[in-house]
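A short worksheet on the structure shown next.
The values are calculated or read from the model by the stated rules, or taken from the named source; none is laboratory data. Treat the numbers as computed from the prediction; the structure is a model and nothing was measured. Methodologically, a virtual Cβ is constructed for each residue, glycine included, from the backbone with ideal geometry; neighbour enumeration extends over all protein chains shown.
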Amino acid sequence: MIPLPELNFSVLAPVGFVAVGAMLILMGEVFLTRSETFLGREVTESFIGTVLASTAIFFLILTIWIAGLAFASGGSEVFNPDNPMYQLDPFSSLVTAMVALSALLACALSIAYLAELRINHGEYYALIMLSTTGMMLMVAAVDLIAVFLGLELMSIPIYVLAGFDRRKLRSNESALKYFLIGSFASAILLYGMALLYGATGSTSFDAIRLGFDPGNSIGLVGLGLVIVGFAFKISSVPFHQWTPDVYEGAPSAVTAFMSVTVKVSAFAALIRLLGMAFGPIEHQLVGILWVLAALTMIVGNAMAVIQDNVKRLLAYSSIAHAGYLLIGLVTGTIAGYSAMVFYLIAYTFMNLGAFRVMEE
C-alpha cells in the first residue's frame, strides 16, 4: 500500500481565503441579481457592487491577518514535505500580506469609480481575487511549476480586467495588447524553465541550485529566457513597450491594481528564484542586471518628462521604479533584497494614492 503524503493544509490558508472569497462573490452576484430587496434595501447595480466589494475586502482582511500571524511566527512550512512546491516563510508571508493589502485598497478605490462609469459588476471583484490568488501562489513557490501556475493565474484575470470597460475601444485595445504580449512573455518564460529542467533534471529551486552548471550553455540560455520573461512582467526596458498603452487604455481602477500588485509579486518571485535557485552564480548576473537597471531608469524618467497624459506619465514612472528596484537585485545580498521589500511597501501606498487622486 502506497503511503499517503502528509499534507499541511494550514499553509494554504492565505490562498484559500482569497479563492473562497472569489467563489462566493461569483455566486453572490447571481443570487443578488435575482432579488428585488436585500436586508430591507432595494437591490440596484450599485448596491450589488458595494456588497460584493465588501465581501472581497472582508476575505482580504482575513488573509492579511493569517499572513501576519505566519510572519510573526518566524517559521517556515511547506504544503507537501515529500514534494515541496509551496512554502510559507517570513518572506512569502510578508509579501502575501502586501499583495492582499494592495488588492484590498484597490477594491475600496474601485467602488465609487466603477459606479460612476456604470460598470460596477461583481465579476470585477472576483477577477481581482482570482488574480490575487495567483500572485500569492507565485511569491510562495519554491518550484518552477508552481511559479508558472501562479504567473498564469495572476495574468489571465488581469487581461480581462484591462478590457473591463467593453464600451470603450481603447480599453479593448489595451486588453488585446496586454494579452498578446503577455502570452509571448509567458511562452519565453516557460521555454526557459523547460531548458533549466533539461539542464538540471528538476524544477525544484533547491535541486536547481545543486545541479546547475554555469558552464552548461543550455542552462545559461534557460536562465536568460527566464530573466527575459520576468523583465516583461516588471516592465523593464527594453521589454516595456506594452506598459504605457495598457495603463492608458485600462480603467483607472484596474491600472492602479495592476501597477502595484503585479510589480510586487513579480519582484518577490524573482528574488526567491535568483536567491534560492541560482545563489552560486549571482555574481555572473551582475552585468546583465546592471544594464537592465540603468536602461530602465534612464528610459522611464526621460519618457515620463515628455508625456501630456497623466496615465502614460504614471506608466513611465512605474517603469523607472522598476529600474530602481533592479538595483537591489544587482547587489545580490540580503540587505539589497530587504531594501527592495521596503521600497515596494512605500511604492504600494504612493502609487495607489496617485491613481486615487487622478480618479477625482
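Filtering the stretch 292-311 to residues that are touching a Gly at 6+ places or on another chain (Cβ under 9 Å) and surrounded by 18 or more Cβ atoms within 10 Å (Cβ to Cβ) leaves 292, 293, 296, 297, 299, 300, 311.
On inspection, residue 277 passes the criterion of being farther than 30 Å from residue 302 by Cβ and in contact with a Lys or Arg (Cβ under 8 Å, 6 or more places away or on another chain). It is to be established whether one or more residues within the stretch 319-341 are in contact with a Pro (Cβ under 9 Å, 6 or more places away or on another chain), of a type outside the set (Lys, Arg) and part of a helix (DSSP H, G or I). Yes, the stretch 319-341 has at least one match.
Set side by side, the residues 74, 49 differ, and just one is at pLDDT below 85, surrounded by fewer than 18 Cβ atoms within 10 Å (Cβ to Cβ) and either under 29 Å from residue 206 (Cβ atoms) or not hydroxyl-bearing (Ser, Thr, Tyr) (or both), which is 74. Only residues that are surrounded by fewer than 22 Cβ atoms within 10 Å (Cβ to Cβ), at pLDDT 85 or above and farther than 15 Å from residue 231 by Cα were counted across the stretch 312-334, and they come to 3.
Here is a yes/no grid of residues against (1) within 22 Å of the chain's Cα centre (by Cα); (2) modelled with pLDDT of 90 or more; (3) closer than 16 Å to residue 276 by Cβ:
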{"site": "191", "(1), (2), (3)": "yes, yes, no"}
{"site": "201", "(1), (2), (3)": "no, no, no"}
{"site": "204", "(1), (2), (3)": "yes, no, yes"}
{"site": "209", "(1), (2), (3)": "no, no, yes"}
{"site": "212", "(1), (2), (3)": "no, no, yes"}
{"site": "223", "(1), (2), (3)": "yes, no, yes"}
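For the stretch 136-234, the helices (runs of 4 or more DSSP H) that sit wholly inside it and include 3 or more residues that are of a type in the set (Val, Ile, Thr) are 144-162, 169-200, 217-233.
Scanning the stretch 185-217 for residues that are touching a helix residue (DSSP H, G or I) at 6+ places or on another chain (Cβ under 8 Å), aliphatic (A, V, I, L, M) and within 30 Å of residue 159 (Cα to Cα) yields 185, 188, 189, 190, 193, 194, 195, 196. Residue 203 meets all of the listed conditions (1) in contact with a strand residue (DSSP E or B) (Cβ under 9 Å, 6 or more places away or on another chain); (2) under 17 Å from residue 238 (Cα atoms) but one, namely (2).
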